[in-house]
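**Q** Sharing a structure here in structure tokens format.
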Amino acid sequence: MNLDWTDEELAFRDEVRAFLDAHLTDEIREAGRLMTSVYGEHERSLAWQKILHAKGWAAPAWPTEYGGAGWSVAQRYIYARERVAAGAPPVSPMGIQMCGPAIIGHGTAEQKAYFLPRMLSGEHFWCQGYSEPGAGSDLAALQMRADDDGDDLVVSGQKIWNTHADVANWGFFLVRTARLARPQLGITFLLIDMTSPGVSVRPIISPSGEHIQNEIFLDAVRVPQANVVGAINDGWTVAKYLLEFERGGTAYAPELQARLDAIEAAAREVPGDEGGTLANDSSFAQRLARARIRVAAFETYEFRAMSAEGSPGMSASVMKIMGTELQQHMTELGLIVAGRYGIAYQPQAACPGGAVSFPHNASEYAGPRFAAIAPLRYLNERAGTIYAGSNEIQRNILAKGLGL
Amino acid sequence: MSLGGETAPDPVDLMVVMEELGEALVLEPYLETVVTGAALLRASGGPTADALLDGIVAGDVRLALGWAEPGTRYEWAPQETRAERKGEEWVLSGRKSVVIAAPWATHLIVSARTEGGVSLFLVAPDAPGVTLFAYPTIDGRRAADVEFADVRLDADALLGAEGAALPLLERVGDATIAAMGAEAVGIMRRLLQDTIAYTQSRQQFGQPISNFQVLQHRMVDMFMQVEMATSAVYLATLKLDAPAAERARAASVAKVTVAEACRFVGQNAVQLHGGMGMTDELAIGHYFKRATVIEGELGTVDHHVERFARLQPEAAE
Ligand SMILES: Cc1cc2nc3c(=O)[nH]c(=O)nc-3n(C[C@H](O)[C@H](O)[C@H](O)COP(=O)(O)OP(=O)(O)OC[C@H]3O[C@@H](n4cnc5c(N)ncnc54)[C@H](O)[C@@H]3O)c2cc1C
């Protein structure tokens, strides 16, 4: 393992920087810099995806034969670091990071030819339909049923917590096609056109007042059998493959490093308790140093894990746990920097990932902009240890991995 | 009921009331008016203060204290807000930031530098030269940044003796920390209770999730944090009449213990509710937000750890 960039990698970094510099508009940069959660604002992050797509960079981890960038782990890391530092919003993960790999790994030639290009271009915007009211951590308990009816499956039931389902025109779903001996059997991975008759979507509002999650109700929705990915009743295999991508496919450290820099910069702009700025207060400087130390060790772990051959296995869970807990810690530091202004509710100073429904002022805001965003990030980031397999579930997986 | 003189509310009574208000998540500015504001008025004395204390009891008067400024953090001393005596009047100018409950207040109490030190003034929010920029807070209350542009005040707007406000603010600040800590205890009890009930009813893997030992231990840790916070609030409340350094150390014990408990209990209440914790629909989200606000009010953990370390016990008067 080499921790220093090679000349080629440094050249790649310069190329990325130049590209970001040339193509990021102020409007798109705002969507990245002023995010209140892991979700970019839909319109602007889609606009950015289109720019990336034109360059062939929309899917860093996909092989080039499917239109991906085909980058190495180091290149992906460099890109992520530069992207966040430049303030570009993330591309929505549900299509390119989650459904895409499932189709590449388990889809038919027709599915690849039809869906992958449209996923890259953003023509299809995806949501994930896994969780149900009775099936969260225990995903295999899912009940949404799909009955065989000739060329179609007829699907009915409810999903919940579906991120951006209100703006998605496609969804990948887990549905029950049979009741077999084990609940994991009889589940099918299905691609559903969200504009089909019988699909309805209802908003869920978060404690920060944002509408990003939804409930999806399917009432006798007809879906062509051709939209099944993998074999009927074998969706669990596809889902597990995809989950490993969701958990371990992307590094957290680039984002964490950029956050630390932003926190430090903001701390230099606000008064401290010891006469200087907050950055000069000894207790704050210690906290920041500790956070940097944790991230440095974790970053090196991510390099090791992602450079290793074979399936991510345990490291996917380690990355998910450590990555989300560090992300949450960043938002705690953010609240410290925000100080007294950290209690103000001012989403108008931010660029949330969905419409805001709680009352707030129109455009002006009080205090530093960083402080207006800090409490929203703090509240929203609580979700990191809940979704994508809660951190308790990840620790259960690791305990099994240790042979316990 | 009276809030003045001999019949001022007993701190232990206030503690009990605040805990109830916390448990019911009452949003009205009781803390700002009946605890902080009334204590400042009582200590200041004089006919204006007495009339206002009666007004509080009658429900006509609501107070907000403007102390911190854009250029200060948690120190009580004002930096840019000044008042100058001009003949019979005072002229006030400067800015206060994040004045909690100011948009609801009938009267503002404002700290300012004067010739003799730091003084307190009573200011009408609608007086000429006073501008409020109001906004909601994440816990569903309201606050404002307030600007004073040569605001002319009558001689009796001065509360208490000129230049004597700093020790008073310190003392009332500690009383506020104790009362707010009691509110936090009420909030945390409810968070714990709701989490226990939810995990006992939520089924996953064919059983209530409260069966999982890791969740049991988490709730036990939440319980212990609430007990520590409760005890620290007792300490701060019972030391409110102690010599200044002893009182302040006890208040910092409460502030640090309560803030850390608010964070642990709030975060884990959300975590153990899973996705349900991330909706606006359940009460716990609202309790969590109020707990988060209390964490940072009147000084972060770091601020109070520093203060505690600075105030050596032998320095007690
Ligand atoms: C912001 C956000 C976005 C989401 N986006 C999507 C999406 O786009 N599509 C989608 O399908 N889903 C999505 N989800 C749902 C997410 O995957 C679920 O919330 C998650 O699987 C947890 O399920 P649950 O909410 O039912 O909680 P529960 O499973 O009820 O868990 C409640 C608590 O019990 C704990 N617990 C459960 N089982 C065990 C155990 N065996 N041992 C120890 N502890 C246990 C959990 O860790 C948690 O703390 C999203 C969730 C959130 C919060």
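The values are calculated or read from the model by the stated rules, or taken from the named source; none is laboratory data. As the structure is a computational prediction, the values presented were derived from the model and not from experiment. Ideal geometry is used to build each Cβ from the backbone, glycine not excepted, and the neighbour counts take in all protein chains shown. We work out accessible area using only protein heavy atoms, side chains counted, and drop any ligands, DNA or RNA first. Shrake-Rupley method; radii C 1.70, N 1.55, O 1.52, S 1.80 Å.
**Q** Quickly run through region A:80-99 and pick out the residues that are within 16 Å of the ligand (Cβ to nearest atom) and either under 27 Å from A:E30 (Cα atoms) or in the same structural domain as A:V167 (by TED's automatic domain parsing) (or both).
**A** A:P90, A:V91, A:S92, A:P93, A:M94, A:G95, A:I96, A:Q97, A:M98, listed by residue number.
**Q** Filter region A:33-45 down to the residues that are away from the ligand (no atom under 15 Å from the Cβ) and touching a residue at least 60 places away in the same chain (Cβ under 8 Å), then identify the one that is farthest from the other protein chains (Cβ to nearest Cβ).
**A** Here the residue is A:R44.
**Q** Looking at B:G173 and the list (1) more than 30 Å from B:A77 (Cβ to Cβ); (2) in contact with a Ser or Thr (Cβ under 9 Å, 6 or more places away or on another chain); (3) within 14 Å of another protein chain (Cβ to nearest Cβ), which single condition is not satisfied?
**A** Failed condition: (1).
**Q** Further question: So for region A:59-75 (the condition being within 16 Å of the ligand (Cβ to nearest atom), farther than 23 Å from A:E27 by Cβ and assigned to a loop (DSSP other than H, G, I, E, B)), does at least one residue qualify?
**A** Checked region A:59-75: no residue is within 16 Å of the ligand (Cβ to nearest atom), farther than 23 Å from A:E27 by Cβ and assigned to a loop (DSSP other than H, G, I, E, B).
**Q** Hey, any hits in region B:100-113 for a residue that's touching a His at 6+ places or on another chain (Cβ under 6 Å), more than 14 Å from chain A (Cβ to nearest Cβ) and open to solvent by less than 60 Å² (accessible area, probe 1.4 Å)?
**A** No, there is no match, as no residue in region B:100-113 is touching a His at 6+ places or on another chain (Cβ under 6 Å), more than 14 Å from chain A (Cβ to nearest Cβ) and open to solvent by less than 60 Å² (accessible area, probe 1.4 Å).
**Q** The conditions are (1) touching a helix residue (DSSP H, G or I) at 6+ places or on another chain (Cβ under 7 Å); (2) more than 13 Å from the ligand (Cβ to nearest atom); (3) within 15 Å of A:E215 (Cα to Cα), and A:Q143 fails exactly one of them. Which is it?
**A** Single failed check for A:Q143: (1).
**Q** For region B:83-179, which strands (runs of 3 or more DSSP E) that fit wholly inside it have 2 or more residues that are touching a residue at least 40 places away in the same chain (Cβ under 8 Å), farther than 23 Å from A:Q346 by Cβ and in contact with a Gly (Cβ under 7 Å, 6 or more places away or on another chain)?
**A** Qualifying strands (runs of 3 or more DSSP E): B:107-114, B:117-123, B:142-153.
**Q** Consider only pairs whose beta carbons are under 8 Å apart and that are at least six residues apart or on different chains; among these, list those whose first residue lies in region A:155-169 and is at positive phi and whose second residue is of a type in the set (F, W, Y) and near the ligand (Cβ under 7 Å from one of its atoms).
**A** Correct list of pairs: A:W161/A:Y387.
**Q** Yes or no: region A:330-353 includes at least one residue that is over 23 Å from B:G299 (Cα atoms), within 16 Å of the ligand (Cβ to nearest atom) and either of a type outside the set (D, E) or within 19 Å of the chain's Cα centre (by Cα) (or both).
**A** Within region A:330-353 (the criterion being over 23 Å from B:G299 (Cα atoms), within 16 Å of the ligand (Cβ to nearest atom) and either of a type outside the set (D, E) or within 19 Å of the chain's Cα centre (by Cα) (or both)), the answer is yes, since at least one residue qualifies.
**Q** Can you find a residue that is more than 10 Å from chain B (Cβ to nearest Cβ) and open to solvent by 20 Å² or more (accessible area, probe 1.4 Å) anywhere in region A:364-372?
**A** yes
**Q** Also, quick follow-up: Checking A:A178 against (1) more than 16 Å from the ligand (Cβ to nearest atom); (2) within 14 Å of another protein chain (Cβ to nearest Cβ), which test does it fail?
**A** (2)
**Q** Restricting attention to region A:134-144, does a residue exist that is without any contact (Cβ under 8 Å) to a residue 12 or more places away in the chain, charged (D, E, K, R) and open to solvent by 20 Å² or more (accessible area, probe 1.4 Å)?
**A** yes
**Q** Applying the selection to region A:165-191, what residues are surrounded by 23 or more Cβ atoms within 10 Å (Cβ to Cβ) and either among the β-branched types (V, I, T) or touching a helix residue (DSSP H, G or I) at 6+ places or on another chain (Cβ under 8 Å) (or both)?
**A** A:A168, A:F172, A:L174, A:V175, A:I187, A:T188, A:F189, A:L190, A:L191
**Q** Moving on to the next point. Anything in region B:80-135 that is more than 17 Å from B:W67 (Cβ to Cβ), of a type in the set (V, I, T) and within 25 Å of the chain's Cα centre (by Cα)? List them, or say none.
**A** Result: B:T106, B:T131.
**Q** I would also like to ask the following. Any chance you could count how many residues in region A:217-236 are among the small types (G, A, S) and under 25 Å from the mean Cα position of the chain (by Cα)?
**A** Looking only at that region, the number is 2.
**Q** Out of (1) facing chain B (nearest Cβ under 7 Å); (2) more than 16 Å from the ligand (Cβ to nearest atom), what's the single condition that is false for A:E392?
**A** With (1) facing chain B (nearest Cβ under 7 Å); (2) more than 16 Å from the ligand (Cβ to nearest atom) applied to A:E392, the lone miss is (2).
**Q** I'd like to know if region B:190-207 contains one or more residues that are within 10 Å of chain A (Cβ to nearest Cβ), open to solvent by less than 20 Å² (accessible area, probe 1.4 Å), over 27 Å from the mean Cα position of the chain (by Cα) and closer than 25 Å to A:L379 by Cβ.
**A** Yes, region B:190-207 contains a residue that is within 10 Å of chain A (Cβ to nearest Cβ), open to solvent by less than 20 Å² (accessible area, probe 1.4 Å), over 27 Å from the mean Cα position of the chain (by Cα) and closer than 25 Å to A:L379 by Cβ.
**Q** Name the pairs whose Cβ atoms lie under 8 Å apart, with the first residue in region B:198-224 and assigned by TED's automatic domain parsing to the domain that holds B:I284, the second at pLDDT below 95 and near the ligand (Cβ under 10 Å from one of its atoms), and 6 or more positions between them or separate chains?
**A** none
**Q** When you go through A:A308, A:A350 one by one, which is the residue that is more than 12 Å from chain B (Cβ to nearest Cβ) and under 26 Å from A:P271 (Cβ atoms)?
**A** From the options A:A308, A:A350, the qualifying one is A:A350.
**Q** Can you pull out every residue in region B:66-82 that is within 13 Å of another protein chain (Cβ to nearest Cβ) and part of a strand (DSSP E or B)?
**A** Within region B:66-82, B:G66 is the sole residue that qualifies.
**Q** Please specify each residue of region B:261-271 satisfying the condition of being open to solvent by 10 Å² or more (accessible area, probe 1.4 Å) and either within 12 Å of the ligand (Cβ to nearest atom) or in contact with a Lys or Arg (Cβ under 8 Å, 6 or more places away or on another chain) (or both).
**A** B:Q267, B:N268, B:Q271, listed by residue number.
**Q** Which strands (runs of 3 or more DSSP E) does region A:121-240 wholly contain that include 2 or more residues that are within 30 Å of A:P352 (Cβ to Cβ)?
**A** Counting at least 2 such residues, we get A:126-129, A:152-160, A:170-176, A:187-193, A:199-205, A:210-224.
**Q** Quick check, is B:V214 more than 16 Å from the ligand (Cβ to nearest atom) and either within 14 Å of another protein chain (Cβ to nearest Cβ) or under 29 Å from B:T36 (Cα atoms) (or both)?
**A** No.
**Q** Separate question: Residue by residue through region A:83-120, note down the ones that are touching a residue at least 60 places away in the same chain (Cβ under 8 Å), in a loop (DSSP other than H, G, I, E, B) and touching a Phe, Trp or Tyr at 6+ places or on another chain (Cβ under 8 Å).
**A** Residues satisfying the conditions are A:A88, A:P89, A:S92, A:G107.
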